[in-house]
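The values are calculated or read from the model by the stated rules, or taken from the named source; none is laboratory data. Since the model is a prediction, treat every value here as computed from it, not as a measurement. So basically every Cβ, Gly included, is an ideal-geometry build from the backbone, and we count neighbours across all protein chains shown.
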Amino acid sequence: MGQVIAFVGLGANLGGDPARLRATLVSAWRALSALPGSQVEATSSLWRSAPVDASGPDYLNAAVALRTDLAPQALLRALQVIEDAHGRERPFRNAPRTLDLDLLRHGDSVVHSAELTLPHPRLCERAFVVRPLLEIVGDGQAWAADLTAALPGLADQPLERLVCTPDWPPG
């Protein structure tokens with residue numbers, strides 16, 4: 001298969017104050033960058049968002065472009081291992097979470113299986129996904145226009161871009 005660029009959404013809303021949530025995302029970023037045959041190519045700003053279709057505290061969100069040798073299913077499993085290491089529980093759909101890592105795209109892969117759908121089925125329905133992705137998606141990605149086109153329909157989803165801090169972006 002060779003290397004592809006995968007896009008991963010990061011989010012957290014359980015585990016304490018914004019500094020602790022940021023520390024969780026930094027830890028997840030480091031775990032992503034340590035995956036075999038993988039390297040973080042780009043990292044978005046941090047964004048604060050209210051939960052969508054859920055309750056709980058606000059989220060911190062970001063996105064990364066990850067150059068990887070891992071196939072889609074293998075990358076999904078690796079993301080779930082990172083989530084589990086950060087105390088992720090899945091008691092119900094859209095439950096608050098200590099860490100959420102969503103595989104949004106994996107090169108041009110199209111997957112429809114019980115455990116994975118690519119591109120992510122709600123990719124253009126969440127401002128907290130679209131805005132961070134727009135920061136890091138290169139002009140060479142034909143689907144970037146879909147993100148831009150989705151923005152007007154997401155205006156009702158509160159989202160705040162946070163000023164970068166010494167620990168974000170990691171690296």
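Observations on the model:
- Flag: Asp58 does not match the condition of being at pLDDT below 95, under 18 Å from Pro119 (Cα atoms) and in contact with a Lys or Arg (Cβ under 9 Å, 6 or more places away or on another chain).
- Restricting region 1-20 to residues that are buried (at least 16 other Cβ atoms within 10 Å of the Cβ) and more than 14 Å from the chain's Cα centre (by Cα), the residue that is modelled with the lowest pLDDT: Gly15
Listed here are the residues, each with its yes/no results for (1) of a type outside the set (A, V, I, L, M); (2) out of contact with any Ser or Thr (no Cβ under 9 Å at 6 or more places or on another chain).
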| residue | (1), (2) |
| --- | --- |
| Val4 | no, no |
| Ala12 | no, no |
| Pro18 | yes, yes |
| Thr24 | yes, no |
| Ala28 | no, yes |
| Leu32 | no, no |
| Leu35 | no, no |
| Glu41 | yes, yes |
| Leu46 | no, no |
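- Among residues of region 50-82, those that are among the hydroxyl-bearing types (Ser, Thr, Tyr) and over 13 Å from the mean Cα position of the chain (by Cα), counted: 2
- The condition of being of a type in the set (D, E, K, R), surrounded by fewer than 15 Cβ atoms within 10 Å (Cβ to Cβ), at negative phi and touching a residue at least 12 places away in the same chain (Cβ under 8 Å) holds for only one of Asp167, Asp102, Asp84, that being Asp167.
- Number of residues in region 107-122 that are of a type in the set (Asp, Glu) and part of a strand (DSSP E or B): the value is 0.
- Search result, residues across region 107-150 that are surrounded by fewer than 17 Cβ atoms within 10 Å (Cβ to Cβ) and either within 13 Å of the chain's Cα centre (by Cα) or within 24 Å of Asn13 (Cβ to Cβ) (or both): Glu115, Leu116, Thr117, Pro121, Arg122, Glu125, Leu134, Glu135
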